[in-house]
Amino acid sequence: MQKPIRVWFEKTGAAIYISHLDLNRCMARAVRRAKLPIWYTEGFHPHPYLTFPLPLSLGVHGLREAMDLRLVEDMPLGEVKERLNRCLPQGLLVTGVTEPSEKAKEIAFADYELTMEALGGDTAALVQEALERDALPVEKKTKSGVKEVDIRPHLQQLSVEKQGERCLVKVTLPCGSSLSINPSLLAQAVTAACGQPVKIVRTVRLRFCNAQMQLFA
């Protein structure tokens, strides 16, 4: 018997500086310590089967991240959550465990909150003016090399909120297999449009969505 489950977790605080490779190791260690009846890979060096639908970039906060694994015995999903949380370090918190209803390849968008800051002037006004432009060209690395891409048509549910000398940008960005836009590209495009450096000082990935902009489950 193999029962797929999806573990939803937060990655915040000091844990945002754990690389994806180290996160994988940390979660595998927690799974072993929690004595979960999960499926191990076969071969000379069996290890817990863990997959992450969309790895989180280093330094980014994640409030609804996902990890998939398979149970080989029945166990209440609430107990899986409790056992894992007893074995995870500060900054990693399991918020729920469910049976997956969608495949990872169905992830198409991600919602973000980006705290941005300009070196001079009114950050909110500068960012708002840049984002109201018809085009936001930026150089993007692709498999065929570096090419210029207009990211403006791909920015969804966009808003800018002034926060003192900074501003909070809420935006939905594509993150599917056919098109993916990293928040850093948005900062580059805004910087080019403003004519002065605008940096992201805090990035929070809130959730994943499918192609219909519905919450990924």
Most fluctuating residue of THR123, THR41, THR12 in a GNM of the chain with Cα springs under 10 Å: which is it?
-> THR41
Can you give the calculated 222 nm mean residue ellipticity of the chain, where each DSSP H run of n ≥ 4 adds -39,500 (n - 2.57) and the sum is split over every residue, rounded to the nearest 500 deg cm²/dmol?
-> -6500 deg cm²/dmol
Residue order for LEU173, LEU88 - accessible surface, 1.4 angstrom probe, largest first = LEU88, LEU173
Rounded to the nearest 10 Å², what accessible area does VAL160 show when all protein chains are kept and the probe is 1.4 Å?
-> 40 Å²
Can you list the residues, at least 5 places off or on another chain, whose amide H is less than 5 Å from the amide H of LEU155, using H built in the peptide plane?
-> none
Ranking GLY96, ALA30, CYS194 by how far each Cα lies towards the positive end of the charge dipole of the chain (+1 on Lys and Arg Cβ, -1 on Asp and Glu Cβ), the top one is ALA30
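Please compute the contact order of the chain in relative form: average sequence separation of alpha-carbon pairs under 8 Å and at least six residues apart, divided by the residue count, as a percent.
Numbers: 435 pairs, mean separation 55.0, N = 217.
After rounding, I find 25 percent.
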The local net charge around VAL94, scoring Lys/Arg +1 and Asp/Glu -1 for residues other than VAL94 whose Cβ lies under 13 Å from its Cβ, equals +2
Candidate lysines - alpha carbon under 18 Å from LYS103, same-chain residues fewer than 8 apart omitted | LYS3
Where the only charges are on Cβ atoms (+1 Lys, Arg; -1 Asp, Glu), what is the dipole of region 82-123 about its Cα centre, to the nearest 20 debye?
-> 380 debye
Would you calculate the separation in nanometres between label points at LEU179 and ARG29, each defined as 7 Å from the Cα along the Cα-to-beta-carbon direction?
-> 4.1 nm
Using 1/(1 + (r/R0)^6) with R0 = 22 angstrom and r between the beta carbons of GLN214 and TYR17, what's the FRET efficiency to the nearest 0.05?
-> 0.10
Of (i) 1.03; (ii) 0.97; (iii) 1.24, the label for Rg/Rh (Cα atoms, Kirkwood Rh) derived from the coordinates = (i)
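The values are calculated or read from the model by the stated rules, or taken from the named source; none is laboratory data. Since we're looking at a predicted model, the values are computed, not measured. FYI the Cβ positions are ideal-geometry reconstructions off the backbone, even for glycines, and counts take in every protein chain you see. Protein only, heavy atoms only, side chains kept; ligands, DNA and RNA dropped before computing areas. Shrake-Rupley method; radii C 1.70, N 1.55, O 1.52, S 1.80 Å.
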